[in-house]
Amino acid sequence: MRSIFLVSLCSFCCQFTTAANIAAANIAAANIDSVAGTGQPDNNGSTGAATAVNVGQPFGVEVGPDGALYITEVQNHRVMRVDRRSGDLTTIAGCGRKGYSGDGGKATEAELNEPYEVRFDKQGNMFFVEMQNNVIRRVDAKSGIISTIAGTGVAGYGGDGGPALKARFNRPHSIALDHRGGLYVADIGNHRIRRIDLKTGVVNSIAGDGSKKPPKHGHLAKGNAVVGPRALFIHGDTMWVALREGHSVWTLSLESGKWSHVSGTGKKGFSGDGGLASLATYNGPKGIAVGPNGNVFVVDTENQVIRMIDTETNTISTVAGMGPEHRGGAGDGGLATDAQMDRPHGICVGPDGTIYIGDTNNHRVRRVSTGTP
């Protein structure tokens, strides 16, 4: 019986390994290059060719409804737009000074403090989270006027059940829109995920109780622990969540409110490529995005790589970067899996499957053209 079991187990594992290898092989020929930033962090201007303008510590990246690439620049406190056809860069929010001012005026004249992630609603209005100001702000698509929609500007926790403008957040990192009137916030300092009703302005916690414990598979998220919810991405009725301190990836059903474990054992490490995603290890994942065909891309920040979860086979592979021992900035013009990275944070996937990465400490936004979304 034992030998029969081992043969069956080996056959099962080989099926998954083969599928993972096929998925990895489809991306193995993908090249990497830089589409924004020079490698230098200091502010050298707000417009120009994207590869000639300094982008200091890019975090969030997002392809907007107009097809342009949007970047949150943490060091110089700005949000930038790159025309993906011409390669021209313009600054669309933030004057370059650290602070908290400008509501009611032009977004380009406002002071920001470490914008982390940017999203858009169906009308083209832009939302971004400012980690150090503990707020979420909105830029009107037509007027370019900026306003705060959540947070008092003071770190803390409070306000559930009331106006989001009177609520306190603690180092919010990521946001996601469900396009049904909800904006979700990874309130990482409070170990909660919170939802803002954009019609009523009311905020509530939908996950977490403030304690630093991992969630439980199949359990309700509301009122129960979740540790370090760092990155959010909504795909249909499913919210994908990367847990920074939890070194794992989960889904949260927006219908049932229940957690499902997808990837990562919860232990810090770098292992598992070619095998089941649930058995892999991560080190501080800080970004997540779903591609056009449903595959999930995770920024495994402290491992200096981008990893892909094949949602059909539930297997994992590395699609960019060489691993924790190869931290650096080399590799443009070559294979993405032969490139170095330096603490990447943000990620998005374009409609054509192109992956964009906020390669933070390299002060560049990099592009991986997979050809297989």
Quiz item: With θ set to phi - 60° and the Karplus curve 6.51 cos²θ - 1.76 cosθ + 1.60, what are the ³J(HN,Hα) couplings of the stretch 230-235 in order, to the nearest whole Hz, using x for Gly and Pro?
Solution: 9, 9, 10, 8, 9, 10
Quiz item: What's the longest bit of the chain with no exposed GluC sites (Glu not before Pro), using DSSP loop states and at most 15 other Cβ atoms within 10 Å as the test?
Solution: 1-254
Quiz item: With labels modelled as points extended 7 Å from the Cα through the Cβ direction, what inter-label distance (nm, one decimal) is found for residue 335 paired with residue 271?
Solution: 2.4 nm
Exercise. Treat every Asp and Glu Cβ in the stretch 293-358 as -1 and every Lys and Arg Cβ as +1, leave all other atoms uncharged, and give the resulting dipole magnitude about the Cα centre to the nearest 20 debye.
Key: 120 debye
Quiz item: Quick one: Cα centre-to-centre distance for the stretch 181-253 and the stretch 333-373, in angstrom?
Solution: 26 Å
Exercise. Loop only per DSSP, at most 13 neighbouring Cβ atoms within 10 Å: give me the trypsin sites (Lys or Arg not before Pro) in the stretch 227-299, ordered by residue number.
Key: 267
Practice problem: Counting only C-alpha contacts under 8 Å and six or more residues apart, can you give the relative contact order of the chain as a whole percent? | Solution: 15 percent
Practice problem: Given a cut-off of 18 Å, name the pairs among 212/268; 166/213; 213/268 whose C-alpha atoms lie farther apart than that in the structure shown. | Solution: 166/213
Quiz item: What is the pair-distance distribution P(r) of the stretch 246-373, computed from all Cα-Cα distances in 10 Å bins starting at 0, with each bin given as a whole percent?
Solution: 14, 47, 33, 6, 1
Quiz item: Based on the Kirkwood radius over alpha-carbon pairs, what value in µm²/s does the Stokes-Einstein equation return for the translational diffusion coefficient of the stretch 128-247 at 20 °C and 1.002 mPa s?
Solution: 151 µm²/s
Exercise. Please pull out the direction-averaged projected area of the stretch 184-289, using the convex hull of its alpha-carbon atoms, in nm² to one decimal place.
Key: 6.5 nm²
Practice problem: Determine the per residue accessible area of the stretch 222-373 with all protein chains present and a 1.4 angstrom probe, expressed in square angstrom. | Solution: 33 Å²
Practice problem: Could you list the trypsin sites (Lys or Arg not before Pro) in the stretch 127-159 that lie in coil according to DSSP, counting only those with at most 16 other Cβ atoms within 10 Å of their Cβ? | Solution: 142
Practice problem: Would you please give the residues with an amide H less than 5 Å from that of residue 52, counting only those at least 5 places away or on a separate chain, with H modeled from the backbone geometry? | Solution: 37
Quiz item: Hey, any idea what % of the chain's accessible area is carbon plus sulfur with a 1.4 Å probe?
Solution: 50 percent
Quiz item: What's the Cα-based Rg to Rh of the stretch 81-177, Rh via Kirkwood?
Solution: 0.98
Quiz item: Taking only DSSP H segments of four or more residues, each worth -39500 (n - 2.57), what value at 222 nm results for the chain once the sum is divided by all its residues, to the nearest 500 deg cm²/dmol?
Solution: -2500 deg cm²/dmol
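The values are calculated or read from the model by the stated rules, or taken from the named source; none is laboratory data. Note that the structure is predicted; figures quoted are calculated from it, not measured. We place every Cβ from the backbone using ideal geometry, glycine too, and count neighbours over all the protein chains shown. Side chains included, ligands, DNA and RNA excluded: accessible areas come from the protein's heavy atoms. Shrake-Rupley method; radii C 1.70, N 1.55, O 1.52, S 1.80 Å.
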